[in-house]
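Taking it in order: structure first as structure tokens, then the write-up.
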């Protein structure tokens with residue numbers, strides 16, 4: 001598996017934190033296995049122990065994260081930033097989630113999740129399994145947030161301008177495309193449930209040395225890993241056929257959403273489409289204009305594009321699939337994109353010129369009225385129509 005180029009201090013720290021979190025998750029899972037069919041009694045029996053596991057793990061994570069920041073600054077030759085400007089008490093993070101709730105309160109939602117599953121028709125074993133999965137995810141997220149919060153405090157008390165996102169492989173596609181990205185300290189650390197990515201305190205000049213090529217990372221995985229990374233077999237095939245990974249991953253963001261088309265044809269063939277990257281300012285729109293699939297017009301409506309699953313399900317052959325991937329923007333065509341951008345920019349300039357001329361015309365009329373002059377005569381409509389007809393004929397003959 002391809003790994004992000006990291007300072008040794010960051011690599012050692014990431015490994016230690018991961019092992020600590022895995023040990024805590026395993027211990028919580030062991031306790032959860034003692035729940036039994038009575039969820040209230042079961043949680044009364046194990047709740048305090050689960051909270052104790054979290055508190056002990058948080059204490060160790062905070063201790064490791066506090067020493068990590070000066071270690072990685074020294075390792076990356078940012079020695080001028082090592083001395084903190086203020087002392088911090090990181091132990092205050094112990095006992096709290098990343099959202100500021102007590103960890104015992106957060107963990108106590110596990111039996112509630114089990115009850116909700118029972119209300120939804122699940123058996124006791126199914127409910128325990130569902131709630132156990134939720135608790136495992138919550139514990140991993142809580143502990144990762146503890147480490148990240150400690151790192152952030154360590155950076156805030158030093159004159160660190162920003163941070164780079166660090167992977168802790170194996171990583172999901174959402175995190176891989178962000179690996180090595182540079183963020184100012186004021187920018188929040190975006191993460192999904194169970195995300196174990198971390199900060200590397202860095203000056204902006206250092207960020208470029210810590211990036212990772214998403215396609216190279218994808219190619220370093222085995223087939224099962226590639227399917228998991230891509231989200232489906234169809235998405236894996238799309239990437240192998242040349243689909244842009246960033247475009248594909250961004251289409252699955254929750255904010256963009258996936259929509260099942262509602263026409264009878266769509267329901268029959270199970271089409272999926274996304275509106276991510278479909279506006280008239282997007283790369284996809286530029287490429288579609290360059291390919292002649294879309295008019296060069298700013299302000300046009302959003303045009304949904306087919307997801308790879310639907311493309312492969314409906315393509316006649318591989319050539320047809322590649323063409324559909326290209327026309328929907330999954331495969332990047334730089335020449336078409338450049339041509340489309342030029343056409344869209346020309347349309348913008350034309351529209352701005354027309355607006356400016358209209359403003360000048362209104363201003364001239366205002367000046368004429370102010371001077372007591374008669375309004376300018378309107379153009380002869382027959383002459384105007386003939387001019388438009390000739391212009392259209394010239395365009396058709398080109």
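The values are calculated or read from the model by the stated rules, or taken from the named source; none is laboratory data. Quantities reported herein were computed from a predicted structural model and do not represent experimental measurements. We place every Cβ from the backbone using ideal geometry, glycine too, and count neighbours over all the protein chains shown.
I'd like to check something: does segment 91-113 contain any residue that is outside any helix (DSSP H, G or I), at pLDDT 90 or above and over 15 Å from residue 152 (Cβ atoms)? Yes, segment 91-113 contains a residue that is outside any helix (DSSP H, G or I), at pLDDT 90 or above and over 15 Å from residue 152 (Cβ atoms).
In segment 27-34 there is no residue matching the filter, namely being buried (at least 16 other Cβ atoms within 10 Å of the Cβ), in contact with a helix residue (DSSP H, G or I) (Cβ under 9 Å, 6 or more places away or on another chain), in a helix (DSSP H, G or I) and at pLDDT below 85. Taken over segment 48-67, residues that are more than 20 Å from residue 135 (Cβ to Cβ) and buried (at least 23 other Cβ atoms within 10 Å of the Cβ) amount to 1.
Conditions (1) in contact with a helix residue (DSSP H, G or I) (Cβ under 6 Å, 6 or more places away or on another chain); (2) assigned to a loop (DSSP other than H, G, I, E, B); (3) within 29 Å of residue 242 (Cα to Cα); (4) at pLDDT 70 or above, marked per residue:
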site: 152; (1), (2), (3), (4): no, no, no, yes
site: 168; (1), (2), (3), (4): yes, yes, yes, no
site: 199; (1), (2), (3), (4): yes, no, no, no
site: 207; (1), (2), (3), (4): no, no, yes, no
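Among the residues of segment 117-133, some residue qualifies, meaning at least one is closer than 16 Å to residue 33 by Cα, surrounded by fewer than 22 Cβ atoms within 10 Å (Cβ to Cβ), assigned by TED's automatic domain parsing to the domain that holds residue 74 and in contact (Cβ under 8 Å) with a residue 40 or more places away in the chain.
Mind checking whether some residue in segment 315-325 is touching a strand residue (DSSP E or B) at 6+ places or on another chain (Cβ under 8 Å), assigned by TED's automatic domain parsing to the domain that holds residue 249, surrounded by 19 or more Cβ atoms within 10 Å (Cβ to Cβ) and modelled with pLDDT of 75 or more? Give the steps one after another, and end with the answer.
Within segment 315-325, the subset touching a strand residue (DSSP E or B) at 6+ places or on another chain (Cβ under 8 Å) is 322, 324-325.
Next, from what is left, pick out any that are assigned by TED's automatic domain parsing to the domain that holds residue 249: 322, 324-325.
Filter once more, keeping what is surrounded by 19 or more Cβ atoms within 10 Å (Cβ to Cβ): 324-325.
Checking the rest, the ones that are also modelled with pLDDT of 75 or more come to 324-325.
Yes: segment 315-325 contains one or more residues that are touching a strand residue (DSSP E or B) at 6+ places or on another chain (Cβ under 8 Å), assigned by TED's automatic domain parsing to the domain that holds residue 249, surrounded by 19 or more Cβ atoms within 10 Å (Cβ to Cβ) and modelled with pLDDT of 75 or more.
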